[in-house]
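Colleague: Before I ask anything, let me first share the structure, which is written out below as structure tokens.
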Amino acid sequence: MAEHPARPCCLGWDFSTQQVKVVAVDAELNVFYEDSVNFDRDLLEYGTQGGVHVHEDGLTVTSPVLMWVQALDIILERMKASGFDFSQVLALSGAGQQHGSVYWKTGASGVLTSLSPDLLLHKQLQACFSIRDSPVWMDSSTTAQCRQLEAAVGGAQALSGLTGSRAYERFTGNQIAKIYQQNPEAYSHTERISLVSSFAASLFLGSYSPIDYSDGSGMNLLQIQDKVWSQVCLGACAPHLEEKLGSPVPSCSVVGAISSYYVQRYGFSPGCKVVAFTGDNPASLAGMRLEEGDIAVSLGTSDTLFLWLREPMPALEGHIFCNPVDARHYMALLCFKNGSLMREKIRDESASCSWSDFSEALQSTEMGNGGNLGFYFDVMEITPEIIGRHRFSAENQVSAFPRAVEIRALIEGQFMAKRIHAEALGYRVMPKTKILATGGASHNRDILQVLADVFGAPVYVTDTANSACVGSAYRAFQGLAAGTDVPFSEVVKLAPNPRLAATPTAGASQVYEALLPRYAKLEQRILSQIRGFRSEFLRPRHPC
Ligand code: XUL
């Protein structure tokens, strides 16, 4: 085998829904190794689709926990076979799909601390889980537990104020409550509950890793201001929960040194540090090197927004998480379901199925669209809960727009909604704000121009295919610098810069400062119409 020159590095792991992935990043922040194991393709014996099992009720969604362990075995064996020099790894960290939970059976801790280097992990951990099928973020079977939790704390807004989000079915506290209610025996035989992130960190540590503040914010259990578990929420979910969760830690904590299992089996240095693992979205924020005032917009099938916040205002929409790279700050996550889905539909209807005709329409219309505004939600939107298409010219509702006006109304409307809902969570555009755009529609310069104009900030494009993984390696470097007061932005300053794609047009801020309040007002009007219709429609006609 060819000799590789010594290359000190950090590893970044990503335990996502469909695969386990790893990257190695050197001290100049170049990614020089990457590999992945896909659950459906490489671990056929578990019979997952997209890495999960959707149960008969259509609501329960789980993944076999041993599949995740075996994927780690496979990837480490492959790295070893390829001659990867594990002795050069200074530190490692990782990301996990958010909200998923792992239930360690009483006695599992003893097995974790005495792993034999002669055997693969999944052979040794087979009997270590009290729940073999872990609930994951796609599960939506806990509506009853959500209502119980909100009632216990005094309502949805009170829960959001405390934990950063109203009750969501996929959030871990509600999942734990369901397991306790439906399977109390398994719950009582559980000595520790991990998130997917802290579970993966535990595999490397050879002991239970604490949950980090940032991923811990996706549980409806952590008080995001004080960074302690909420006693009311714990009590509403299940008994003895605090001792099963352990104490949460800042996301950049070094949680320990790598287990001797990895030193003996793979040749890691005994000094290799494990930095707390976090959620995939927080890790992506690190991978994209977001800074205060920045906003990342992923323009995919649905659109997602990540924001860096200093003073969050938790609301009934969106999620506030503790910030993964600066424990004093926060991040927010907002999901818009009608993203590319709507852009493609309107392209087909109003631009002859052609992106270049779509672009031409954006170029031929003015900023502000002559006062014409539109809301396009063919499927029930998440932010806000509106369905249908609603068009307004001046104050009047109209049933159709000319083609080019329709296209501009869609794109301006999508971006105005993003700005309005980001601001509702405490976000403010700052003079140094950067917008980082990713995903399919980020290839269209004319769409990005509207984004720059609506936010009044420059738009950069970046590839985020690996952002959770690379962000985890960056966070490992941050962990190495812990205690030196070096800010994260300094740790990652050598990383490749995103490419500038659009700057705001002169006069854009005047146009949109005037339009944004009007858009917000019309959104409220549609919402109250829909709510009125719903309560009318749902009112029992034949009281019994
Ligand atoms: C975020 C969420 C998903 C998962 C995907 O709240 O549920 O983005 O983190 O892995």
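Colleague: If you place +1 on the Cβ of every Lys and Arg and -1 on the Cβ of every Asp and Glu, how big does the dipole about the Cα centre of the stretch 1-128 come out, in debye to the nearest 20? Provide the component values of the computation, followed by the final result.
Modeller: On the way: 7 positive and 15 negative charges, 57 e Å.
It comes to approximately 280 debye.
Colleague: All other residues with a Cβ under 12 Å from the Cβ of Ser509 taken together, and with Lys, Arg as +1 and Asp, Glu as -1, what is their net charge? Present the calculation step by step, with values, prior to reporting the outcome.
Modeller: Numbers: positive: Arg419; negative: Asp453, Glu513.
Computed value for this residue: -1.
Colleague: For the stretch 219-354, what does the relative contact order come out to in percent, with C-alpha contacts under 8 Å and a separation of six or more? List each step's numbers first, then the result.
Modeller: Details: 175 pairs, mean separation 22.7, N = 136.
RCO, the stretch 219-354: 17 percent.
Colleague: Hey, can you rank 12-25, 150-163 by average C-beta count inside 10 Å, highest first?
Modeller: Values: 12-25: 23.8, 150-163: 19.0.
Highest-to-lowest ranking by the protection proxy: 12-25, 150-163.
Colleague: Positive end of the charge dipole of the chain (Lys, Arg +1 and Asp, Glu -1 on Cβ, about the Cα centre): tell me which of Asn444, Gln223, Tyr187 has its Cα farthest that way.
Modeller: Positive-most Cα among the choices belongs to Gln223.
Colleague: Another question about this same structure. For the chain, give the magnitude of the charge dipole about the Cα centre (Cβ charges: +1 Lys/Arg, -1 Asp/Glu; no others), in debye to the nearest 20.
Modeller: Details: 44 positive and 55 negative charges, 157 e Å.
In debye, rounded to 20, the chain gives about 760.
Colleague: Net charge around Leu290, counting only other residues with Cβ within less than 11 Å of its Cβ (Lys, Arg = +1; Asp, Glu = -1)?
Modeller: Numbers: positive: Arg289, Lys434; negative: Glu291, Glu292, Asp294, Asp326.
It works out to a net charge of -2.
Colleague: Here's a follow-up. Round to a whole angstrom and tell me the spacing of the C-alpha centers of the stretch 362-382 and the stretch 46-108.
Modeller: 42 Å
Colleague: So in the chain, what percent of DSSP beta bridges are antiparallel if you round to the nearest 5?
Modeller: Numbers: 60 of 79 bridges.
The antiparallel fraction comes to roughly 75 percent.
Colleague: With +1 assigned to the C-beta of every Lys and Arg and -1 to the C-beta of every Asp and Glu, and no other charges, what is the dipole magnitude of the stretch 429-544 about the Cα centre in debye, to the nearest 20?
Modeller: Details: 13 positive and 8 negative charges, 112 e Å.
Roughly 540 debye, rounded to the nearest 20.
Colleague: Another question about this same structure. Determine the gain in length on full extension of the stretch Arg41-Ser509; use 0.36 nm per residue of separation and subtract their C-alpha separation, reporting nm with one decimal. Kindly include the intermediate steps, with their values, before the conclusion.
Modeller: Details: separation 468, 0.36 × 468 = 168.48 nm, distance 4.93 nm.
163.5 nm is the gain from fully extending Arg41 to Ser509.
Colleague: Quick one: compute the contact order of the chain, relative version, from alpha carbon pairs under 8 angstrom and 6+ residues apart, as a percent. Don't skip to the end; give the middle numbers.
Modeller: Values: 1199 pairs, mean separation 81.7, N = 544.
Relative CO of the chain lands at 15 percent.
Colleague: Which order do peptides 228-236, 520-528 fall in by mean Cβ count within 10 Å, highest first?
Modeller: On the way: 228-236: 17.9, 520-528: 14.4.
Packing order, densest peptide first, comes out as 228-236, 520-528.
Colleague: Once the dipole of the chain is set up with Lys and Arg at +1 and Asp and Glu at -1 on Cβ about the Cα centre, which of Cys10, Leu373, Ser214 lies farthest towards its positive end?
Modeller: In the chain, that residue is Leu373.
Colleague: While we're looking at this one, here's another question. How many percent of the accessible area of the chain is carbon or sulfur, using a 1.4 Å probe? Write out the running numbers ahead of the final one.
Modeller: Details: 11360 of 21450 Å².
After summing per-atom areas, the C and S share lands at 53 percent.
Colleague: Within the stretch 383-399, which residues have the backbone N less than 14 Å from the label spot 7 Å out from Arg534 along Cα→beta-carbon, could you tell me?
Modeller: Hits in the stretch 383-399 for Arg534 at 14 Å: 383-388.
Colleague: Here's something else I'd like to know. Can you compute the FRET efficiency between Gln182 and Glu423 using 1/(1 + (r/R0)^6), with r the Cβ-Cβ distance and R0 = 41 Å? Round to the nearest 0.05.
Modeller: Values: r = 41 Å, r/R0 = 0.99.
After rounding, the FRET efficiency stands at 0.50.
Colleague: Keeping all protein chains in position, work out how much accessible area Ile193 exposes to a 1.4 Å probe, and write it in Å² to the nearest 10.
Modeller: Per-residue accessible area (Ile193): approximately 0 Å².
Colleague: Related question: Rounded to the nearest 500, what is the 222 nm mean residue ellipticity of the chain from helices alone, with -39500 (n - 2.57) per DSSP H run of 4+ residues and division by all residues? Mind dumping the intermediate values first?
Modeller: Numbers: 21 runs with 210 residues, N = 544.
For the chain, the value works out to -11500 deg cm²/dmol.
Colleague: Same structure again: Along the charge dipole of the stretch 155-304, which of Gly173, Thr304, Leu285 sits closest to the positive end, that is, farthest toward it, with unit charges on the beta carbon of Lys, Arg, Asp and Glu (+1, +1, -1, -1)?
Modeller: Farthest towards the positive pole: Gly173.
Colleague: Order these peptides, 245-254, 86-95, 289-298, 496-505, by their mean beta-carbon neighbour count within 10 angstrom, highest first.
Modeller: Values: 245-254: 20.3, 86-95: 24.6, 289-298: 22.3, 496-505: 15.2.
Peptide ranking by packing, descending: 86-95, 289-298, 245-254, 496-505.
Colleague: Another question about this same structure. For Glu242 and Leu516, calculate 0.36 nm times their separation in residues minus their Cα-Cα distance, and state this gained length in nm to one decimal. Present the calculation step by step, with values, prior to reporting the outcome.
Modeller: Values: separation 274, 0.36 × 274 = 98.64 nm, distance 4.44 nm.
So the chain would gain 94.2 nm between Glu242 and Leu516.
Colleague: Determine the per residue accessible area of the stretch 97-253 with all protein chains present and a 1.4 angstrom probe, expressed in square angstrom.
Modeller: On the way: 5280 Å² over 157 residues.
Computed with neighbouring chains in place, this is 34 Å² per residue.
Colleague: Within a Cβ distance under 14 Å of Glu28, other residues only, what is the Lys/Arg minus Asp/Glu net charge?
Modeller: Numbers: positive: Arg7, Lys493; negative: Asp26.
Net of charged neighbours comes to +1.
Colleague: Using the Kyte-Doolittle scale, find the helices of the chain whose mean hydropathy is at least -0.5 and whose Cα atoms extend 27 Å or more along the helix's long axis, counting only whole DSSP H runs.
Modeller: On the way: long enough: 403-424 (31 Å, 0.01); 508-538 (43 Å, -0.22).
Result, helices passing both filters: 403-424, 508-538.
Colleague: Mean separation of Cα pairs under 8 Å and 6+ residues apart, divided by the residue count of the stretch 34-162: what relative contact order is that in percent? Write out the running numbers ahead of the final one.
Modeller: Details: 126 pairs, mean separation 36.8, N = 129.
About 29 percent, as a whole number.
The values are calculated or read from the model by the stated rules, or taken from the named source; none is laboratory data. In this text the structure is predicted, and so the values were computed from the model without any measurement. Cβ sites come from the backbone with ideal geometry, for glycine too, and all protein chains shown count toward neighbours. All accessible areas refer to the heavy atoms of the entire protein, side chains included, with ligands and DNA or RNA removed. Shrake-Rupley method; radii C 1.70, N 1.55, O 1.52, S 1.80 Å.
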